[in-house]
Amino acid sequence: MDVFWEEGMLKHDAGRGVFDSGMDPGFLDVLEAHPENAGRVKNIVSILKRGPIAPFISWHQGRPALISELLSFHTQEYIDELVNADRSGGKDFGAGTFLNPGSWDAALLAAGTTLSAMKHILDGHGKISYALVRPPGHHAQPTRADGYCFLNNAGLAVESALSSGLNKIAVIDIDVHYGNGTAEGFYRSNRVLTISLHMNHGSWGPSHPQDGTVDELGEGEGYGYNLNIPLPNGSGNRGYARAISELVVPAIERFDPEMMILVVGQDSSAFDANGRQCLTMEGYRKIGQMVREMADEHSEGRILIVQEGGYHVTYSAYCLHATLEGVLNIPAPLLPDPLAYYPEDETFTVAVVESINKFHRENVPFLK
């Protein structure tokens, strides 16, 4: 696996406060770092360099994106807004999204590093690349920042693949929050199948108008090519595996993509403060295996993995390690789960998956 990374991404600092609000109420002695902080990614880097998966990893340096590259997904007006915010010393975009000194340079590195990881695959130098990037990107829409995200790294990679001559690309997003920015960018396209498995959180305000419900299916030529799978809070390993087996695999079989993009967020874990799902290392490993099987069947094994959320500073690194073990088809776990078993009752999730499956068969043209 080829991992693309650039240390300059650590310079983004979203500050301290009450969780992600940036607020100091004046009566707390200890404020916490914003959940999207450098420490969580430092641990991912270190576990890949010094953990048991290290022999399977090749490291590559990232690069900053060019402004012209950003315009494949984002509007000029929005990019100008980001540039001006950086020049003026920063801006609060709402929903915990703070652009501070150093943030814009980090965002450019995240975008460019993701583009480099995609190019590595497109040029035939490898089949599996992992863009280890921050700040995250899947909430960034063509015209606005949202949910800690400024530039849509995965969306830019999709555009790069399309411009290289590929015609069908599938994006599978397992971050605990709806990948609304990526969905919005391709909402009217039948060349990109966007699938998001997320907790059922709905809209969180003006920066995130999408609800992530099953009826947000796309528009025009893109109708049916945005599949939302809002899973009930508490869904765990077996629930996610059921959802992927019954909803994602059939859609991928029908769509038959030339490239797979796995958008990963470890905030779907049972111990993440920013989510309400119950995945453990076992569940992430299984998801990695299932995505690898789909890629081997449909996209010649080509997978771009793009990092998104995951805010438990230590356990997120373990869950990422397990995901990559699955993608690499490593036969047995290389690391034990330090937080071990979490009880799961998948009854409600199974019922929801069956309901979504029925909705898809009745309303999604290419799945009928």
At R0 = 56 Å, FRET efficiency that the Cβ-Cβ distance of PHE366 and VAL18 yields, to 0.05: 0.80
Counting only C-alpha contacts under 8 Å and six or more residues apart, can you give the relative contact order of the chain as a whole percent? 17
Order by protection proxy (mean Cβ within 10 Å, highest first), peptides 332-345, 72-85, 121-134, 182-195: 182-195, 121-134, 72-85, 332-345
Pop the C-beta distance of VAL30 and ARG87 into the FRET formula with R0 = 30 Å and round what comes out to the nearest 0.05. 0.35
Only Lys, Arg, Asp and Glu count, each charged at its Cβ (+1, +1, -1, -1), so figure out the dipole size of the stretch 293-361 about its Cα centre, rounded to 20 debye. 180
Given a Förster distance of 25 Å, the FRET efficiency implied by the Cβ-Cβ spacing of ILE67 and SER164, rounded to the nearest 0.05, works out to 0.80
Divide by every residue of the chain the summed helix terms, -39500 (n - 2.57) for each DSSP H run of at least 4, and state the resulting mean residue ellipticity at 222 nm, rounded to the nearest 500 deg cm²/dmol. -10500 deg cm²/dmol
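How big is D, in µm² s⁻¹, for the chain by Stokes-Einstein at 20 °C and 1.002 mPa s if Rh is the Kirkwood radius over C-alpha pairs?
106
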Check cross-link reach from LYS168 to the lysines: straight Cα distance under 20 Å, and skip same-chain residues fewer than eight apart. LYS119, LYS127, LYS368
Can you find, among SER164, ILE53, TYR240, the residue sitting farthest towards the positive end of the charge dipole of the chain, where Lys and Arg contribute +1 and Asp and Glu -1 at Cβ? ILE53
Rounded to one decimal in nm, the spacing of the 7 Å Cα→Cβ label points at ILE57 and LYS119 is 2.3
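Give me the extension gain from GLU221 to VAL350: residue separation times 0.36 nm, minus the current Cα-Cα distance, reported in nm with one decimal. All intermediate terms of the calculation are to be shown ahead of the outcome.
Values: separation 129, 0.36 × 129 = 46.44 nm, distance 3.08 nm.
Extra length available between GLU221 and VAL350 comes to 43.4 nm.
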A chain fully extended from GLU297 to LYS42 at 0.36 nm per residue, minus the present Cα-Cα distance, gains in nm 88.4 nm
Which of PHE255, PHE98, PHE348 fluctuates most in a GNM of the chain (C-alpha springs under 10 Å)? That residue is PHE348
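Rule-based calculations on the coordinates, nothing more; no lab input. Computed from a predicted model, the values in this text were never measured in an experiment. With ideal geometry, Cβ positions are generated from the backbone for all residues, glycine too; neighbour counts draw on all protein chains shown.
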